[in-house]
Structure formats: C-alpha cells, structure tokens
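A.B. asks: This is the structure I want to talk about, given as structure tokens.
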Amino acid sequence: MTSEERTAVFDAVVAAADYPVLVVTVQADGRRAGCLVGFTTQVSIEPRRFLVGLSKRNHTYRVAQRAERLAVHVLGSEQLSLARLFGGETGDDLDKFVHCDWTSGPDGVPVLSTVPSWFSARIRDRYDFGDHVGVLLEPEGGAMVRRAAETLRYHAVADLAAGHAV
Ligand SMILES: Cc1cc2nc3c(=O)[nH]c(=O)nc-3n(C[C@H](O)[C@H](O)[C@H](O)COP(=O)(O)O)c2cc1C
C-alpha cells in the first residue's frame, strides 16, 4: 500500500464511522470563542475524562490556550445553522456569539441556549498531537435539557468547508 492509499482508506473508514460533531466554547481574558469539533471522545470512566482535539490554527485553540474551562455541546441533527456558524466561520473574522443565543456559564464560558445537552469542564492537560492539540477535560456540570431524536453527525456536515484553514 502506498502512503496515499493508506491515507485514503483511513479517511474512508473514519468517515464511515460517522462520528458525532459537537460544538466547544471557551472564554479567556474577556474573549469568547467556539468551533465545531469532530475529534472528541470520552477517554476514561473513573475518573470521568473527555478529550477534544483543537486545530492549532483555529481562533478557538488560541483562546483555549489561556482558558481554564471549556463547554461541550451536543447538537440535534436539525441544528445545521448552528453547525455552519461554528464550523464554517472563524472567530478571527466574526463574533459568532452575536449570531446565536447563549448564556454565560461557569467562568464566563458561553453556553449555547438551544442545544439538547451540554457539559462544562475544567481543562486538566494539553497534549501536542501534531496539527491538533488534545485538551483533556474533567467534567464539572452541565444539563440534559432534552434527548435529541438524533444527534448531529459527520455525514450531515461532510460538505461544510471549515471556516479556518486546516
Ligand atoms: C465536520 C467538521 C469537523 C471539524 N472538526 C474539528 C475538530 O475536531 N477540531 C477543530 O479544531 N476544528 C474542527 N473543525 C474545523 C472548525 O470547526 C472550523 O475551522 C471553525 O471555523 C474554526 O473556528 P474558529 O477559528 O473560530 O475556532 C471541523 C469542521 C468540520 C466541518
């Protein structure tokens, strides 16, 4: 297998897994940020730990470097406009929080008002994985507002061009 073939197979298998896409938000030094993320997973049961991969190029990554907390939001499959706002626009050019409903959560972290569920978390560690940094989270609170009939997954936003160059 050539390296191009290896990459193509890997990309196809990961796309077929159809992972959930979530929105993470942060606040530091009075600056708010947030983006759509597919690189997310729980990584420990006891203690509860969750990992988010943030692209070093993103506005959200830069704000998150100085943040102590982060909020993770599950989207319903119908919330495509919220996905487009957070995944197709960059905070370098646009204040995304003027264009959505949110409230101020723990430590001033923006909490999106219309999502079915979310949790806030303390940032415990950061790992350099290459072009993304893994942010290790310890959950602290949140809300299960309603159970979404279907959560937003990769296939629904596969055509969305990332707002920030990857
Ligand atoms: C399907 C999809 C998945 C994405 N997954 C991630 C991700 O896991 N981590 C990340 O940092 N950016 C991810 N992005 C890209 C950011 O959401 C996008 O570049 C966003 O515009 C960055 O906004 P910001 O510059 O305000 O942080 C993804 C985008 C799409 C469309």
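A.B. asks: Taking a spot 7 Å from the Cα of Asp92 along the direction of its beta carbon, which residues of the stretch 121-163 have an amide N less than 11 Å from it?
C.D. replies: 163
A.B. asks: Now, a different point. With each run of n ≥ 4 DSSP H residues scored as -39500 (n - 2.57), what mean residue ellipticity at 222 nm is computed for the chain after dividing by its residue count and rounding to the nearest 500 deg cm²/dmol?
C.D. replies: -5500 deg cm²/dmol, from helical runs alone.
A.B. asks: Let me ask something else. Label the stretch 1-93 by shape, choosing from rounded, prolate and oblate, from the square roots a ≥ b ≥ c of the eigenvalues of the Cα gyration tensor; if a/c is under 1.5 it is rounded, and otherwise prolate applies when a/b is larger than b/c, oblate when it is not.
C.D. replies: prolate
A.B. asks: Which distance in Å, rounded to a whole number, links the C-alpha centroids of the stretch 123-139 and the stretch 1-31?
C.D. replies: A separation of 15 Å, based on Cα centres.
A.B. asks: Whole-Hz Karplus ³J(HN,Hα) for the stretch 84-96, in order, using 6.51 cos²θ - 1.76 cosθ + 1.60 and θ = phi - 60°, x for Gly and Pro?
C.D. replies: Rounded to whole hertz, the list is 5, 4, 7, x, x, 10, 10, x, 5, 10, 8, 7, 4.
A.B. asks: Here is a follow-up. Sorted by mean Cβ packing within 10 Å, highest first, what order do the peptides 133-140, 15-22, 56-63 take?
C.D. replies: Order by mean packing, descending: 56-63, 133-140, 15-22.
A.B. asks: How long are the semi-axes of the equivalent ellipsoid of the stretch 72-166, taking √(5λ) for every eigenvalue λ of the Cα gyration tensor, in whole Å from largest down?
C.D. replies: Whole-Å semi-axes of the equivalent ellipsoid: 20, 20, 15.
A.B. asks: If each residue's Cβ is checked for other Cβ atoms within 10 Å, how do Phe119, Phe129, Phe10 rank with the fewest at the top?
C.D. replies: The most exposed by this proxy come first: Phe10, Phe129, Phe119.
A.B. asks: What percent does the relative contact order of the chain come to when contacts are Cα pairs within less than 8 Å and at least six residues apart?
C.D. replies: About 28 percent, as a whole number.
A.B. asks: Given N residues in the stretch 1-45, what is its alpha carbon radius of gyration divided by 2.2 N^0.38 Å?
C.D. replies: Dividing the Cα radius of gyration by 2.2 N^0.38 Å gives 1.70.
A.B. asks: Which angle between 0 and 90 degrees, to the nearest 10, do you get for helix 3-17 versus the longest principal axis of the chain when only C-alpha atoms count?
C.D. replies: 50
A.B. asks: OK, next. Can you put His155, His132 in order of Cβ neighbours within 10 angstrom, beginning with the fewest?
C.D. replies: If I rank by nearby Cβ atoms, fewest first, I get His155, His132.
A.B. asks: What does the charge dipole of the stretch 21-157 about its Cα centre add up to, to the nearest 20 debye, if the Cβ of each Lys and Arg holds +1 and the Cβ of each Asp and Glu holds -1?
C.D. replies: Dipole about the Cα centre, nearest 20: 140 debye.
A.B. asks: I need the semi-axes of the equivalent ellipsoid of the chain: take the C-alpha gyration tensor, multiply each eigenvalue by 5, square-root it, list largest first in whole angstrom.
C.D. replies: 24, 18, 17
A.B. asks: Once you order the gyration tensor axes a ≥ b ≥ c over the Cα atoms, which shape class does the stretch 65-119 get: rounded for a/c under 1.5, otherwise prolate or oblate by comparing a/b with b/c?
C.D. replies: Taking the square roots of the gyration eigenvalues as a ≥ b ≥ c, the stretch 65-119 is oblate.
None of the figures in this text is laboratory data; all of them are computed from the coordinates on show. Worth saying up front: this structure is predicted, and the values here are computed from it rather than measured. As a convention, Cβ positions derive from the backbone with ideal geometry for all residues, glycine included, and neighbour counts pool all protein chains shown.
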